[in-house]
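Some notes on the structure that comes next.
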Amino acid sequence: MRPRLFGASASVAAFALLGSLVTACGSSESDGTTLRLVAAEYGDSPATSSKVYWDRLTAAFSAAHPGKKVEVTLYPWADVDREVTRMVKEGNAPDVALMGAYSDFAAQGRLYSADELLSIRSEANFLAPLAEAGSVDNTLYGLPFVASSRLLFYNEELFEKAGAEPPKTWSDLKRAAKALKRDGVLYPYALPLGPEEAHAEALIWELSNGGGYTDNTGVYSIASERNAQTFQWIKDNLVTPGLTGPVPPAELNRQDAFAAFLRGQVGMVNGYPSLLHEAKAQGMKVGTLSMPVSDNLKDAQTPPAAGVADWMMAFRHDGNRELVGSFLDFVYEDKNLNAFAQRYHLLPSTVSATESSQDAAADPGAQQFLTALRTAQLYPVNEPSWLQVSNTIKLNIGKAVAPSADPKAVLEDIAQQVRDVADER
């Protein structure tokens, strides 16, 4: 997904808003006084626009650093990766970008490493799984900004009415889904393997069976035996018996699954902190659990949760290093990072900010996401081919659970496409 967090499906109104926010970037050379930031828009209306946050933060930065200013350009999530890539190709890269991937630019030698910019304290402050995902050859280039982990949500009222128990294993999940279906729940388990964010749902399931997108050496392992077993089980035990709802999983997008959950039509769905906040705001009783594990895993095996992060990166320009470093140290101050994370009900990326997060202190549910994030498995975003690979997964992984599909064959086809992408680089 690509790892998209909040504004992945911005409304038409938000896109109209963005038309007034996007400004032309100037010269790629830095005068040392003006920093150009290109960032994704996380909001979906003028009231929730990221512009509000950046206006306040940049004004505070300029007040603390007389003579320095920051120009901010916002793009929708659907456009920001492409727009920054275009700027780089045109020789007009911004000083700093906030987007979904960084490793391609790191591989091209275009980015500063964290140790060239941040104080030692700031660099050491990132949560370990995020710092690992942001590193290439043990050097940190992608600075994690905000993040989320994924937990299984269940509608407590639907569970109680159906006499279902919160699941701990895959067989428990199937049993609960069957009870929910008997009670008339439209989506006993919502399985969003549509092209919006199929790679997130797929990773959650793969991890719960001891699999994942890469092996222990970091090599892509899309068609591993464990992954094939996972999708065969999903097909045979959830999709074929009609426990995933009326929309084929390959056509069900995450936002549609979330909307159905908020309408009370879903028994179980994997979600992240902002969905929990929205559900509770409308009075829903929602339970959260770690993803149920495969019955084949031994009791001692506890798979990690799936984690997602968005990335700050700093582009090399003559004369901009000092200004960029000062700005990023300011951005990553606890109060500034938490202000953004709390605005969108996401998780801050640093140890000190998570410890001081008001959301976590006030909401045990938020604390559960933070706990999961500390040991989470992220996408292999430090692999330069990941953007193309993730698109391949998004467009194809839903086919693995289709009625006539051979899951192993579908995964092998995806793996071949992944190898072709890697060979081209």
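The values are calculated or read from the model by the stated rules, or taken from the named source; none is laboratory data. Since we're looking at a predicted model, the values are computed, not measured. With ideal geometry, Cβ positions are generated from the backbone for all residues, glycine too; neighbour counts draw on all protein chains shown. In case anyone asks, the SASA skips ligands and DNA or RNA and just uses the protein heavy atoms, side chains included. Shrake-Rupley method; radii C 1.70, N 1.55, O 1.52, S 1.80 Å.
Would you confirm, using the coordinates I've provided, whether THR244 is in contact with a Gly (Cβ under 7 Å, 6 or more places away or on another chain) and among the β-branched types (Val, Ile, Thr)? Considered against the rule, which asks whether it is in contact with a Gly (Cβ under 7 Å, 6 or more places away or on another chain) and among the β-branched types (Val, Ile, Thr), THR244 comes out as no. For the residues GLY242, GLY267, GLY271, the requirement of being open to solvent by 10 Å² or more (accessible area, probe 1.4 Å), at pLDDT 95 or above and not β-branched (Val, Ile, Thr) singles out GLY242. Scan the stretch 27-85 for residues that are assigned to a strand (DSSP E or B), surrounded by 18 or more Cβ atoms within 10 Å (Cβ to Cβ) and in contact with a Ser or Thr (Cβ under 8 Å, 6 or more places away or on another chain) and the total you get is 9. Looking across the stretch 186-221, the residues that are in contact with a helix residue (DSSP H, G or I) (Cβ under 9 Å, 6 or more places away or on another chain) and of a type in the set (D, E, K, R) come down to GLU196, GLU197, GLU201, GLU206. In this entry, ASP55 is excluded by the filter for residues that are modelled with pLDDT of 75 or more and in contact with a Gly (Cβ under 6 Å, 6 or more places away or on another chain). One residue stands out in the stretch 245-264 among those that are closer than 17 Å to LEU152 by Cβ and within 22 Å of the chain's Cα centre (by Cα): the one that is modelled with the lowest pLDDT, namely ARG254. Figure legend. Inter-residue proximity from the stretch 402-425: first residues at pLDDT 95 or above, second residues surrounded by fewer than 13 Cβ atoms within 10 Å (Cβ to Cβ), beta-carbon distance below 9 Å, spacing 6+ or different chains. Indicated pairs: LYS408/GLU225. Give me the pairs: first residue in the stretch 251-276 and free of Cβ contacts under 8 Å to residues at least 40 places away in the same chain, second residue in a helix (DSSP H, G or I) and open to solvent by 30 Å² or more (accessible area, probe 1.4 Å), beta-carbon distance under 8 Å, and six or more apart or on different chains, which are they? What qualifies is LEU262/GLU278.
Tell me, please, whether a residue that is surrounded by fewer than 23 Cβ atoms within 10 Å (Cβ to Cβ), over 24 Å from ARG263 (Cα atoms), more than 21 Å from the chain's Cα centre (by Cα) and of a type outside the set (A, V, I, L, M) can be found in the stretch 205-221. Yes: one or more hits. Only one of the numbered conditions (1) touching a Leu at 6+ places or on another chain (Cβ under 8 Å); (2) under 22 Å from THR230 (Cα atoms); (3) open to solvent by 10 Å² or more (accessible area, probe 1.4 Å); (4) of a type outside the set (Phe, Trp, Tyr) is not met by ALA164, and that is (2). Check whether at least one residue in the stretch 246-257 is within 24 Å of LEU370 (Cβ to Cβ) and open to solvent by less than 40 Å² (accessible area, probe 1.4 Å), and report yes or no. The answer is yes, given that some residue of the stretch 246-257 is within 24 Å of LEU370 (Cβ to Cβ) and open to solvent by less than 40 Å² (accessible area, probe 1.4 Å). Checked against (1) of a type in the set (S, T, N, Q); (2) touching a Ser or Thr at 6+ places or on another chain (Cβ under 8 Å); (3) in contact (Cβ under 8 Å) with a residue 60 or more places away in the chain, SER326 meets all criteria but (2).
A single member of GLY184, GLY194 is open to solvent by 20 Å² or more (accessible area, probe 1.4 Å), in a loop (DSSP other than H, G, I, E, B) and of a type in the set (Gly, Ala, Ser), and it is GLY184.
Among the conditions (1) buried (at least 23 other Cβ atoms within 10 Å of the Cβ); (2) touching a Ser or Thr at 6+ places or on another chain (Cβ under 8 Å); (3) in a loop (DSSP other than H, G, I, E, B), the only one that ASN227 does not satisfy is (3).
Scanning the stretch 83-113 for residues being at pLDDT 95 or above, in contact with a Leu (Cβ under 8 Å, 6 or more places away or on another chain) and aliphatic (A, V, I, L, M) gives a total of 3. Scanning the stretch 183-210 for residues that are closer than 11 Å to GLY267 by Cβ and of a type outside the set (Phe, Trp, Tyr) gives ASP183, GLY184, VAL185, LEU186, PRO188, ALA190.
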